[in-house]
Amino acid sequence: MPFNAVFAHIIKKRLPRISKYASSPIVCQQEILKNLLEKARNTEFGSAHQFSTITTIESFKSHVPLSDYDALYPLIKKQIDGQPNVLWPGKTIWFAKSSGTSAKTSKLLPITSDSLYENHYAGGKDLLALYYKNHSNRKLYNAKHLIIGGSTKINTQKNNTKIGDLSAFIVENLPWWTEIRRTPKREIALMDDWEEKLHKMANATINENICIVAGMPSWTVVLLEKVLEITGKKHIHEVWPNLELYIHGGMNIEPYMERFNKILPLPKMNYVQSYNSSEGYFGLQDRKNEDDMLLLTDAQIFYEFIPMDQFKELKSENVIGLEAIEAGVDYAIVISTSAGLWRYIIGDTIQFTSIKPYRFQVTGRTTHFINAFGEKTIITHVEKALTKAARNQEVYIADFTVAPYYSSKKGSGGHEWVIALENKEQLNTEQFESAIDDNMKAINDDYQGKRKGNINMLKPKFNYVEKGVFDLWLKSKNKLGGQHKIPRVQNDRLMIEELLDLNEKTQGNS
């Protein structure tokens, strides 16, 4: 059976839909909100907030308050306990453990059949449809697809509700025609022990014909290096000659690109970014050689936005719709979804690169920033500064984080970096550290102003640790695995002190 020809024919049928939400996003968003309110009008939440009387976006904003996880948790808990018709019609039985880094404990976010099939799966299908459009004569369905997901199995509760990573629900419910092309086997893909899983995944796939790899950059590069270690090959295309597509998301790939280029040196490799989280599938890269993403405006999510310079107040009048968005401004995202998340602040920040169509880049987290000295530093600042410095010295970044330090003698302080490098033996630390500081000044005007004359901010400090220290920190938080990531910037010293303490203990035991 010509599987690839059939798959290509079917997947390309999604292109008119994609064209519609790219060209008419406001209309799509109006229809989405109307449908969400109609479906949920008789739920506990819908009745309490008079969904049946809401006819405009303004009345929606006046009837429904902004929410975060703490605000919605009592209702989510009812669903976990088995109560139907709470936030969404029917009984919600799937709950995804959030892999977010800002909370000390994992959040349990509802996943409904509507959100799984019409949002998460829909986004994945749209991404492949655009890939076939942008790259002619593809034959992805003739080979296997390697998915590097979370490391938590689905745990069934006494009320028959199920708790697990989003990737576990995606794998468990894949249609047969997709499942037959996915690798490794389900029993490996859903293993709890990430370290054992990594080893078994590498061994199980080295003899497969793989054309797609999907996963977070930090963990994907570790798996690919494990494959090279086992096979003794120099680069991945010696193992998987038909590999052509890497689908990445969850974090910025730029700090890891030098390592990917070393592992995958051939020009045939294509990189496509997606934005899929436990809360929803929000965007996908729709153009070759551009790293911004098209906003999915027709996938059962209604979007609102809060300009970050107004985020502290969290007033409803500060929340704007898609039609009022400006390019080049950082926004916190607010979503209402078919999973029953209503005016939910997800904690991510984005910046639109274009308005027609709406394309954007993820810039950070609402809780992940450094502003100890008025420098207003966000994730993208430190990622760009470090990536450029590392590229110039040809060193490979394994992991890093940044936090403030304080000097009691001088009454000020600066930034302290903890960095793990793959090949630090060739590092010229003086040049590297000066370059990072200079790059930060060029990227962030507030940083440059505060660093002037070493008055408001002192020179940054740097600590170099083995990359295993970051893994140990994740493991100590029970977050070692394919969906978890290191916080890049923190406005306090808790995490950085824990990392430095772990590094000291590791060196003492060596």
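Does Arg343 qualify as being assigned by TED's automatic domain parsing to the domain that holds Tyr21, crowded, with 20+ Cβ neighbours inside 10 Å, under 24 Å from Lys61 (Cβ atoms) and of a type in the set (Lys, Arg)? Taking the combined requirement at face value, the residue satisfies it.
Here's the yes/no breakdown for (1) surrounded by 16 or more Cβ atoms within 10 Å (Cβ to Cβ); (2) among the charged types (D, E, K, R); (3) in contact with a strand residue (DSSP E or B) (Cβ under 6 Å, 6 or more places away or on another chain); (4) touching a residue at least 24 places away in the same chain (Cβ under 8 Å):
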position	(1), (2), (3), (4)
Lys144	yes, yes, yes, yes
Thr156	no, no, yes, no
Ile163	yes, no, yes, yes
Met191	yes, no, no, yes
Ala202	yes, no, no, yes
Thr220	yes, no, no, yes
Leu223	yes, no, no, yes
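Failed condition for Ile370, given (1) touching a helix residue (DSSP H, G or I) at 6+ places or on another chain (Cβ under 8 Å); (2) of a type outside the set (Gly, Ala, Ser); (3) over 17 Å from Lys467 (Cα atoms), with all others met? Among (1) touching a helix residue (DSSP H, G or I) at 6+ places or on another chain (Cβ under 8 Å); (2) of a type outside the set (Gly, Ala, Ser); (3) over 17 Å from Lys467 (Cα atoms), the lone unmet condition for Ile370 is (1). Taken residue by residue, region 334-344 has no member that is at pLDDT below 95 and of a type outside the set (S, T, N, Q). Scanning region 457-485 for residues that are among the hydrophobic types (A, V, I, L, M, F, W, C) and in contact with a helix residue (DSSP H, G or I) (Cβ under 6 Å, 6 or more places away or on another chain) gives Met457, Phe462, Val465, Val469, Leu472, Trp473, Leu480. Are any of the residues in region 477-488 modelled with pLDDT of 90 or more and farther than 22 Å from Ala398 by Cβ? No, because not a single residue in region 477-488 is modelled with pLDDT of 90 or more and farther than 22 Å from Ala398 by Cβ.
Residues in region 286-293: is at least one without any contact (Cβ under 8 Å) to a residue 60 or more places away in the chain, surrounded by 15 or more Cβ atoms within 10 Å (Cβ to Cβ) and not assigned by TED's automatic domain parsing to the domain that holds Ala403? The answer is no, given that none of the residues of region 286-293 is without any contact (Cβ under 8 Å) to a residue 60 or more places away in the chain, surrounded by 15 or more Cβ atoms within 10 Å (Cβ to Cβ) and not assigned by TED's automatic domain parsing to the domain that holds Ala403.
Comparison of Leu75, Leu66, Leu36, Leu87 shows that the only residue that is in contact with a strand residue (DSSP E or B) (Cβ under 7 Å, 6 or more places away or on another chain), modelled with pLDDT of 95 or more and under 25 Å from Glu313 (Cα atoms) is Leu66. Go through the residues of region 271-293 one by one and say whether even a single one is farther than 21 Å from Gln361 by Cα and part of a loop (DSSP other than H, G, I, E, B). Taking every residue of region 271-293 in turn, none turns out to be farther than 21 Å from Gln361 by Cα and part of a loop (DSSP other than H, G, I, E, B). Taking each residue of region 251-278 that is touching a residue at least 24 places away in the same chain (Cβ under 8 Å) and crowded, with 20+ Cβ neighbours inside 10 Å and looking for partners that are assigned to a loop (DSSP other than H, G, I, E, B) and polar (S, T, N, Q) with beta-carbon atoms closer than 6 Å, six or more apart or interchain, yields Val272/Gln285; Gln273/Gln285; Ser278/Ser98. Of all residues in region 470-494, those satisfying the criterion of being within 24 Å of Asp165 (Cα to Cα), hydrophobic (A, V, I, L, M, F, W, C) and outside any loop (DSSP other than H, G, I, E, B) are Phe470, Leu472, Trp473, Leu474. Scanning region 359-407 for residues that are closer than 29 Å to Ala327 by Cα and part of a loop (DSSP other than H, G, I, E, B) yields Thr366, Thr367, Phe369, Asn371, Ala372, Phe373, Gly374, Glu375, Lys376, Ile378. Residue count for region 235-250, restricted to those that are surrounded by fewer than 21 Cβ atoms within 10 Å (Cβ to Cβ) and part of a helix (DSSP H, G or I): 2. Residue-level analysis places Gly100 outside the set of residues that are closer than 30 Å to Arg14 by Cβ, under 19 Å from the mean Cα position of the chain (by Cα), surrounded by 15 or more Cβ atoms within 10 Å (Cβ to Cβ) and at pLDDT 95 or above. Of all the numbered requirements in (1) in contact with a strand residue (DSSP E or B) (Cβ under 7 Å, 6 or more places away or on another chain); (2) of a type outside the set (A, V, I, L, M, F, W, C); (3) assigned to a helix (DSSP H, G or I); (4) over 17 Å from Asn439 (Cα atoms), Glu425 misses one, and that requirement is (1). Taking residues in region 318-340 that are in the same structural domain as Gln351 (by TED's automatic domain parsing), and partners anywhere that are polar (S, T, N, Q) and in a strand (DSSP E or B), the pairs with Cβ atoms closer than 6 Å and at least 6 places apart or on different chains are Asp330/Thr349; Asp330/Gln351; Asp330/Thr363; Ala332/Thr349.
The values are calculated or read from the model by the stated rules, or taken from the named source; none is laboratory data. The shown structure was predicted, so the numbers you read here are calculated from the model rather than taken from an experiment. All Cβ positions, glycine included, derive from the backbone under ideal geometry; neighbour counts span all protein chains shown.
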